[in-house]
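Here's the structure, in structure tokens; my notes come after.
Please treat every number below as a calculation from the coordinates, not as lab data. This one's a predicted model, so the numbers in the text were calculated from it and none came from an experiment. Heads up, the Cβs are rebuilt from the backbone with ideal geometry, glycines too, and the neighbour counts pull from every protein chain shown.
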Amino acid sequence: MDHVTLSVIVPCYNEERGIHELHYRVTRVCQAHIGDSYELLLINDGSRDTTWQLMKEIAGLDHHVVAINLSRNFGHQLALSAGLQLCRGELIFMLDADLQDPPELLPDMVARLNEGFDVVYGQRIKREGETLFKKASAFAFYRLLNKLVDIDIPPDTGDFRLINRRVVDILNKMPEHYRFIRGMVSWIGLRQTAFPYERAARFAGESKYPIRKMLRFSMDAITSFSVRPLRLASYIGILFGVCAFFLLLYIIINYFLGYSVKGWTSLVVLILFLGGIQLIVAGVMGEYLGRLYIEAKGRPMFVIQEIISNSTSQS
Ligand code: UDP
Ligand code: MG
């Protein structure tokens with residue numbers, strides 16, 4: 001496998017409206033700053049529109065483009081992982097297809113990396129065109145995540161980043177299915193630095209992360225990097241033990257003061273409350289157990305249906 005200087009990796013899911021613009025802008029910046037030794041990996045993550053047809057066309061016309069078709073929709077993180085496994089670059093630039101993260105920042109990020117870093121990650125200082133809810137939930141999520149996990153995952157970062165071959169090789173050796181790539185990169189450590197930038201609005205199309213997917217993604221992130229939620233049961237148990245002790249004191253004092261114990265309302269409330277907590281704790285355990293089950297099966301992360309690159313195509 002011969003190497004190239006730079007691989008640009010772009011997972012695409014229903015991105016037919018933006019893919020030509022993406023190709024144009026990536027090509028322009030790569031030609032100007034890298035020269036000829038680069039590749040653009042477009043990964044089609046089971047799109048339902050014409051994304052794959054367009055990708056094939058682009059790959060047929062431009063020998064820098066490698067079009068990879070996954071056999072179905074595997075999700076953003078796995079599509080990205082497919083690209084990471086297939087890329088040949090010494091430097092790897094991860095990008096979203098919607099051009100929210102400007103490819104034009106590449107030269108500045110390469111300069112930063114050359115100062116002696118292994119990872120230059122984009123950190124959003126501003127987000128255009130995203131709903132208040134999305135911004136607020138992202139803000140809360142990154143802060144909660146940092147409270148729960150033991151490694152430092154920098155807030156307000158996405159997968160928009162430039163990494164070197166050393167980091168990619170380590171990432172590719174990490175076998176987990178539930179992949180939270182920005183966290184995995186943080187876990188690796190080495191020399192990492194932030195690159196502040198302003199996140200643009202989507203060029204075309206809609207966000208592929210509705211609330212449901214965002215929640216699942218957050219669960220993946222937390223369960224991949226922390227077992228703290230599992231300890232929830234013990235903490236709550238201790239808390240209730242202490243409460244029960246004081247309640248007992250209260251009842252004994254009341255008894256000697258001659259007050260009778262009133263009604264059953266408090267009892268019912270307590271039962272419901274404790275029942276609720278038990279269910280939550282069981283649910284948390286289930287989340288981990290389910291993931292353990294999936295990982296234990298050891299299936300491949302994704303299935304590649306077809307790779308198209310210039311005139312050579314493989315199935
Ligand atoms: N994406 C993907 N598979 C999916 C969902 C999304 O490959 O199942 C791609 C999508 O095409 C885009 C990137 O992942 O290039 C980020 O998705 P999106 O822009 O919808 O996320 P947001 O920026 O809204 O968080
Ligand atoms: Mg986006």
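A few notes on this one:
- Neighbourhood charge, 10 Å Cβ-Cβ cut-off, centred on Arg191 and excluding it, Lys, Arg +1 and Asp, Glu -1: -2
- Neighbour-count order for Arg166, Arg88, Arg48, fewest beta carbons within 10 angstrom listed first: Arg48, Arg166, Arg88
- Note on the range 1-105: Rg/Rh from Cα positions, Kirkwood definition for Rh, rounded to two decimals, is 0.93.
- Of Tyr197, Tyr293, the sequence from fewest to most neighbouring Cβ atoms within 10 angstrom is Tyr293, Tyr197.
- Per-residue 3J(HN,Hα) values for the range 141-151, derived from phi via the Karplus relation 6.51 cos²θ - 1.76 cosθ + 1.60 with θ = phi - 60°, read 4, 5, 6, 4, 4, 5, 6, 8, 9, 8, 9 Hz in sequence order (x marks Gly and Pro).
- Exposure proxy order (Cβ contacts within 10 Å, fewest to most) of Val10, Val284: Val284, Val10
- Placing unit charges on the Cβ atoms of the charged side chains and taking the dipole of the chain about its Cα centre, the candidate lying farthest along the positive direction among Pro300, Tyr178, Val120 is Tyr178.
- Fraction of beta bridges assigned by DSSP in the range 62-215 that are antiparallel (%, nearest 5): 50 percent
- Ellipticity estimate at 222 nm from DSSP helix runs (n ≥ 4, -39,500 (n - 2.57)) divided over the chain, nearest 500: -16000 deg cm²/dmol
- Against the rule of thumb 2.2 N^0.38 Å, how large the Cα Rg of the range 186-242 comes out: 1.81
- For the range 120-127, Karplus couplings with θ = phi - 60° (6.51, -1.76, 1.60), whole Hz, Gly/Pro x: 10, 9, x, 10, 6, 9, 8, 10
- Shown here are the Rg and Dmax of the Cα trace of the range 124-275, at 23.6, 77 Å.
- By DSSP, the beta bridges lying fully in the chain are antiparallel in about 40 percent of cases.
- Computed over the chain, the Cα gyration tensor eigenvalues convert (square root of 5λ each) into semi-axes of 48, 20, 18 Å, ordered from largest to smallest.
- Computed lengthening from Ile236 to Phe273, 0.36 nm per intervening residue step minus Cα-Cα distance: 12.1 nm
- Summary of the geometry: the range 36-72 and the range 167-239, compared by the centres of their Cα atoms, lie 26 Å apart.
- Degrees separating the helix 211-225 axis from the principal Cα axis of the chain, which is the longest one: 80 degrees
- Hz values of 3J(HN,Hα) by residue in the range 293-298 - Karplus curve (6.51, -1.76, 1.60), Gly and Pro given as x: 4, 4, 5, 5, 5, x
- Stokes-Einstein D in µm²/s, Kirkwood radius over Cα pairs - the range 44-133 at 25 °C with 0.890 mPa s viscosity: 158 µm²/s
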